[in-house]
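Let me begin by presenting the structure, written as structure tokens, before commenting on it.
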Amino acid sequence: MPETLQGLIDRVTYHNPENGFAVLKVQVKGRSDLVTVVGSTTSVSAGEHLEATGRWVVDREHGQQFKADELKTTHPASAEGIEKYLASGAIRSIGPKLGAKIVALYKDQTLEIIETAPDLLLHIRGIGKERVKRIRQSWQEQREVRKIMLFLTEHGITSGRAVRIYRTYGQESIAKIKANPFQLADDIRGIGFKTADELAAKLGIDRNSPFRARAAVQYSLRELAGDGHCGYPEPNVVEHTTKLVEIDQNIVEEAVRFSVGTGVVVREDVEGEPWLYLTALHRAEVGLAQSVQRIASVTPHLLPNIDVEKAVVWVEGKLAINLAAAQREAIRQACQQKMLVITGGPGVGKTTLVRSILEIFSAKKLKCVLAAPTGRAAKRLAETTGRTAKTIHRLLEFDPVSGDFKKNQQHPLNGDLFVLDEVSMVDVVLGHQFFRAVPSTACVILVGDVDQLPSVGAGTVLADLISSGVVPVVRLTEIFRQAAESQIVTAAYAINQGQMPKLTTSESLADFYFIEADEPDDIQDLVVRLVKERIPQRFGFEPKTDIQVLTPMHRSVLGARNLNQVLQTALNPDNGGPDVQRFGWTFRIGDRVIQTENDYDKDVFNGDLGIVEKINRIDQVLVVNFEGRAVEYDFGDLDELSLAYVLSIHKSQGSEFPCVVIPVHTQHYMMLQRNLLYTAVTRGKKLVVLVGTKKALGMAVRRQDTSRRYTALKKRLQEV
């Protein structure tokens, strides 16, 4: 027979807003000790009144606790409860000290005052009009967010995104969700089609609803884009969608026709069969090809009165270098062609070549503009050339009002030579945005390693530009003596040629090591010891800033998620300081974090790495330092961040780290491929350590990524 328990929540030991799971310490009348209550609830704060229905159990580790099947919380009614509630940070801008002052004056009427007459708070020292405004907004938001959470929970959905739903839809939230829950998947970051579909079913929306079928078609195309495809053959999209939603194929085909008719999806014949594209990806692919053709078709902008041979001799003297034959040829091409691709692996002198070209162009008083896809890549480009370099996003100047870049074909960038580095990372959308803003009169030099992983986003831009034959290409293959002495470089080339690298296991001071371990748990322990003790002691690298662990996958014992939590415990343990738990992560001051998507309002972008600098539980903000720039995050936006002690190899593209540690195990079977391992090894600047099994390493070296990305960019480039 279930029991009922009532009391005041003294503290919230743990609460996960994603699934609602909570561990609470509760003051119960007649009991001297606090009672541990475990259950599920949408939102909870210390000081609230709790009513729980369930049973008493004895947990082997934690002793007696009340396991609740149902938890209900209500705003506190007593002055004591209200003071605890305000001290917990439940209302933004009110902390423990200010909460105590307000309750001392207004006692058990405090919440009523905040609700109906917040201006009365102005009588309290330390509260001005601006703070009253923030308190009023926070109270209103919290009340509405609770309603949304309650509505979602009643329909079997738990979501930490209720704050974002409210900020997007306001007080219309519940009405909008009821009208078309599938709109959530389009409008709310972090809510996908599956969650929206689950909610739609609970709301009684017909499984054969055209809304559902149209949303499913778009979801299928987005999933395919996430796998790198720009477009996809229509029959395969229909089959994929039909399996996904388990409805009649005719309904899906009608949804495709409707989506094409309304312009949400584009149908185009490619290679003799109809392909479907999300409109934005089609526009990007077509626009990128047109921009390349536009720039290339304008008469070559020959440098004024230049003798290339003399220029080469001059630049060799100025930089005190000797250029190889291929580098000299590249300079000749750069001085005569509108567009040039320079590709090659590590140690072949791409950087030296770019510096030489920049010196020659600058000597002729021509404006050189340098860019790269990520902040780290731009920083590295700036360091190696001694010139200013920007990310593509910052170069194009995002305008939050219009939601687009200020620099485009109508308002082009200003420059004579544009150098874009790490082009293997550039997807079709970013490529389109960059090229459309380059003036027709300018020259463009694209630098990248085509053997690395393709971009995380859709397309294979660098490979398509090279294979199309419409842009001149210089392949640098000669490894310079200094680079050839590095075992990192020789290992990378061996891997790229499908050969096992020479595995150094001795204690000689090499820069490339392999440490054998068979079991995932042993590999995990070794990685922690290497990062925390062995590498810092032997090589002097700083664990939090110099050493980066790279892993092929997100899940599994050796995946990024688990290893991040293990390394956080080892390198930045809970020392009683402020922390914040959101979206499956615990963030602490000093944590290394990565931005996981573009946020133009904050001016931070996917792949930016930073350190958590401040956590303010009163104002519910966390501050991250990105390379000297402080960026503030509302607690509700923390799904934009992940811990970054460990990165997936895909996320590490365009970055270099002093030291890289790579676990390699057959647990990662699906991802063990040559270009993945090659990309990981080439991220290490001074030291690379592989930890795992020779079997997994051999698998990765032998297996080439033969999966095709559906993109028509090459064909479009050749046609125009």
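Can you give the FRET efficiency to the nearest 0.05 for GLU273 and ASP518, using r as the Cβ-Cβ distance and R₀ = 60 Å? The partial results should precede the final answer.
Numbers: r = 47 Å, r/R0 = 0.79.
About 0.80, to the nearest 0.05.
Estimated purely from DSSP H runs of n ≥ 4, each contributing -39500 (n - 2.57), the mean residue ellipticity at 222 nm for the chain is -11500 deg cm²/dmol once divided by its residues.
Between helix 325-334 and the chain there is an angle of about 80 degrees, using the helix long axis and the longest principal axis of the Cα atoms.
State the percentage of accessible surface on the range 473-611 attributable to carbon and sulfur atoms; use a 1.4 Å probe and exclude ligands, DNA and RNA.
On the way: 3070 of 6690 Å².
C and S fraction of accessible area: 46 percent.
To put it simply, the accessible area of the range 60-138 at a 1.4 Å probe is 49 percent carbon and sulfur. Across the range 624-640, coupling constants 3J(HN,Hα) worked out from phi with the 6.51/-1.76/1.60 Karplus curve, θ = phi - 60°, read 10, 9, 9, 6, x, 10, 7, 10, 9, 10, 5, 4, x, 9, 6, 6, 7 Hz, and Gly and Pro carry x. With the cut-off at under 14 Å, measuring from each backbone N in the range 256-271 to a point 7 Å along the Cα-to-Cβ line of LYS715 picks out 267-271. Within the range 1-110, the trypsin sites (Lys or Arg not before Pro) that combine a DSSP coil assignment with at most 15 other C-beta atoms in a 10 angstrom radius are LYS29, ARG31, ARG60.
Listed by chain and number, the lysines whose C-alpha is less than 23 Å from the C-alpha of LYS194, apart from same-chain residues fewer than 8 away, are LYS147, LYS176, LYS178, LYS202, LYS243. Reported to the nearest whole Å, the Cα centre-to-centre distance from the range 679-720 to the range 583-662 is 26. Accessible area per residue for the range 375-459 is 36 Å², calculated with a 1.4 Å probe on protein heavy atoms, without ligands, DNA or RNA.
Angle between the Cα long axis of helix 487-496 and the longest principal axis of the chain, 0 to 90 degrees, nearest 10? Orientation of helix 487-496: about 90 degrees from the principal axis.
How large a share of the accessible area of the range 204-343, in percent, is made up of carbon and sulfur atoms when the probe is 1.4 Å and the other protein chains stay in place?
Details: 3320 of 6520 Å².
About 51 percent, which is the carbon plus sulfur part of the accessible surface.
Give me the percent relative contact order of the range 533-630, please, defined on Cα pairs under 8 angstrom at least 6 residues apart. Here the relative contact order equals 15 percent. Taking every alpha-carbon pair under 8 Å whose residues sit at least 6 apart, the chain reaches a relative contact order of 11 percent. Taking a Cβ cut-off of under 10 Å around PHE657, the surrounding Lys, Arg, Asp and Glu residues balance to a net charge of +2, with basic ones at +1 and acidic ones at -1. Cα centroid separation, the range 355-420 to the range 110-143: 47 Å.
Separation of the range 517-573 and the range 84-107, taken as the distance between their Cα centroids, equals 41 angstrom.
Between helix 96-106 and the chain there is an angle of about 30 degrees, using the helix long axis and the longest principal axis of the Cα atoms. Which residues make up the longest stretch of the chain clear of GluC sites (Glu not before Pro) that lie in a DSSP loop with no more than 10 other Cβ atoms within 10 Å, not counting the sites? Value returned for the longest uninterrupted segment is 272-506. 3J(HN,Hα) along the range 234-243, derived from phi through the Karplus expression 6.51 cos²θ - 1.76 cosθ + 1.60 where θ = phi - 60°, amounts to 4, x, 5, 5, 4, 5, 4, 5, 4, 5 Hz, with x in place of Gly and Pro. The label-point distance for GLN109 and ASN250, in a model that sets each label 7 Å from Cα toward Cβ, rounds to 6.9 nm.
Which FRET efficiency value, to the nearest 0.05, is calculated for GLU80 and PHE21 with the Förster distance at 25 angstrom and r the Cβ-Cβ distance?
On the way: r = 27 Å, r/R0 = 1.07.
Step by step, r from the Cβ atoms, then E = 0.40.
The length gained on full extension between LYS532 and GLU478, counted as 0.36 nm times the residue separation minus their Cα-Cα distance, comes to 15.7 nm.
Site pair ILE321 and LYS695 shows an inter-label distance of 4.6 nm when each label is modelled 7 Å from Cα along Cα→Cβ.
With a cut-off of 12 Å between beta carbons, the residues surrounding LEU288 carry a summed charge of +2, where Lys and Arg count +1 and Asp and Glu -1.
Any chance you could run the full-extension gain for GLU359 through HIS123? It's 0.36 nm times the residue separation minus the Cα-Cα distance, nm to one decimal. Let's see the in-between values first.
Details: separation 236, 0.36 × 236 = 84.96 nm, distance 6.60 nm.
Once the chain is fully extended between GLU359 and HIS123, it gains 78.4 nm.
Once C-alpha pairs closer than 8 Å and six or more residues apart are averaged by separation and normalised to the residue number of the range 74-160, the relative contact order reads 22 percent.
For the pair ALA201 and ARG189, label points projected 7 Å from Cα toward Cβ lie 2.9 nm apart.
Straight-line reach from LYS651: taking Cα to Cα under 21 Å and skipping same-chain neighbours fewer than 8 places apart, the lysines in range are LYS379, LYS390, LYS544, LYS602, LYS685, LYS686.
Summing charges over neighbours of ASN572, with a neighbour being any other residue whose Cβ is under 9 Å away from its Cβ, gives +1 when K and R count +1 and D and E count -1.
Roll a 1.4 Å probe over the protein chains and send me the accessible area per residue for the range 622-668 in Å². Display every interim value, and only then the final one.
Values: 1070 Å² over 47 residues.
Computed with neighbouring chains in place, this is 23 Å² per residue.
The values are calculated or read from the model by the stated rules, or taken from the named source; none is laboratory data. These figures come from a predicted structure and were not determined experimentally. All Cβ positions, glycine included, derive from the backbone under ideal geometry; neighbour counts span all protein chains shown. Each accessible area value is taken on the protein alone, full model and side chains, heavy atoms only, with ligands, DNA and RNA left out. Shrake-Rupley method; radii C 1.70, N 1.55, O 1.52, S 1.80 Å.
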